[in-house]
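Structure, as structure tokens:
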Amino acid sequence: MIRDTPFCPEGLEKDISPQTGSHNSLVRLDRNVVPRFSKQAVIFSPETDFDFNRMQDHLEFMIELAKLYKEIEGDVDEVDEVARQVWHTPTELFKVCSDNKYTCSKPWYGFAIAKYLVSEYKLNHFPHKDLIIYEMRAERQDVRDAKDHNRCVTVINKSIFDWDVHVPEHCFFLGMEVIDNFAHDLIRYDINTLEPRQALVSTDANGEYTEIYEPVGQDSLISRYLATRKEVGYRSPVLSRKLWNALLKNMPLAPNLTAPEFIPIKLFMLLETLKTHFPQHQLVLSDFSSLPDSIDGVDAPVAQTHYKATMVPCFTYMVQPGWFDIFFPTNFELLRDMYLRVCRGTGAGNDKGVRVLIHREFCERYGDIERTTTRGGENPILMYYENMKMILT
């Protein structure tokens, strides 16, 4: 019997399984529960771009941003007390006006990414190979404008996890602010044997939800992930607490499992897809490396919603569907090592061409910093998103 199985009165996010298309009374976390983006969420994309060069400092930028947020969040169905969640990315925020214009579209963060791609292409592949870019986007991200304005753009409405087309040509593969919503599995380790066990969620007759655990050996994907992770020399922080785990063994009524750990199963599947179907790719991924107000556990997510103009974090991922956003941090250093093992077949640190940069480093190297500098000399594109990193291969 597993004595430390938690019960969460809020209830599990009751959503249909994206793979089976049906409700299950017993569901795996990586197929059903965790990666849910709120149906009430809105991607923040201001119609009027920010003119950083005319702002005094970053505080003026924050004031302007707050005004726009208030306008968007005020547009709520009066029947509901729960406001729409509004999210933004560096791509949406860091756009500035061209000379003597207040309304324009100059996405300087996007330009920094484009500069990196073009620089890499010209340095290593021009003129012998075409410039081919695959961008992985979330379901809610709108790609119609790009398609309407550029005949070179093709929109492929297909999940990357269902991808079955071989792409032998060299290409860049982009994923900007996407992997934080990838599904994860929850595992714990047996205190006595240190063997991993995966969490499943059981639903009782009253609709209440409880975590239960089974040996990981029954899931080949998790087993493959853990074996690869072991090959790169990574050891889970929960297994590093040797003294604490030893004390637990001798305590009466102590839990027989370690603290929870969330493992990025879908991200691992992405690496396998890149190796199999995009053998000549260069990868560009950007997302959160850490998050405040996360629930308990290693690499645990943030689960939050917006209520009466206030952001409310939750202590569990098991929440009412449609009103909560659940997103994860990424251990980019571990991702780098896993990428090297899966896609390059090399050990950790053996390929200097695979780099992890913080957001500021990337923008300083490839961004047009002068265009996002305020009159006071501050630069919001360098100051914000300190908890974001990039992996470049």
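FYI, it's all coordinate maths here, none of it is from the lab. Computed from a prediction, not measured in an experiment: that's the story for all the values here. All Cβ positions, glycine included, derive from the backbone under ideal geometry; neighbour counts span all protein chains shown.
Using packing as a proxy for protection, rank 263-276, 224-237 so that the peptide with the highest average count of other Cβ atoms within 10 Å comes first. Mind dumping the intermediate values first?
Details: 263-276: 19.9, 224-237: 14.9.
Answer by packing, highest mean first, reads 263-276, 224-237.
So if I take the centroid of the Cα atoms in region 342-393 and the same for region 112-134, what is the distance between those two points in Å?
18 Å
Fully extended, how many nm does the chain gain between S240 and N53 (0.36 nm per residue separation, minus their Cα-Cα distance)? Let's see the in-between values first.
On the way: separation 187, 0.36 × 187 = 67.32 nm, distance 4.91 nm.
Difference between extended and current length: 62.4 nm.
Could you compute the FRET efficiency for E361 and T193, with r as their C-beta to C-beta distance and R0 at 41 Å, rounded to 0.05?
Numbers: r = 42 Å, r/R0 = 1.03.
The value I calculate is 0.45.
Show me 180-193, 285-298 ranked by packing, highest mean number of other Cβ atoms within 10 Å first.
Details: 180-193: 20.4, 285-298: 17.6.
Result, highest mean first: 180-193, 285-298.
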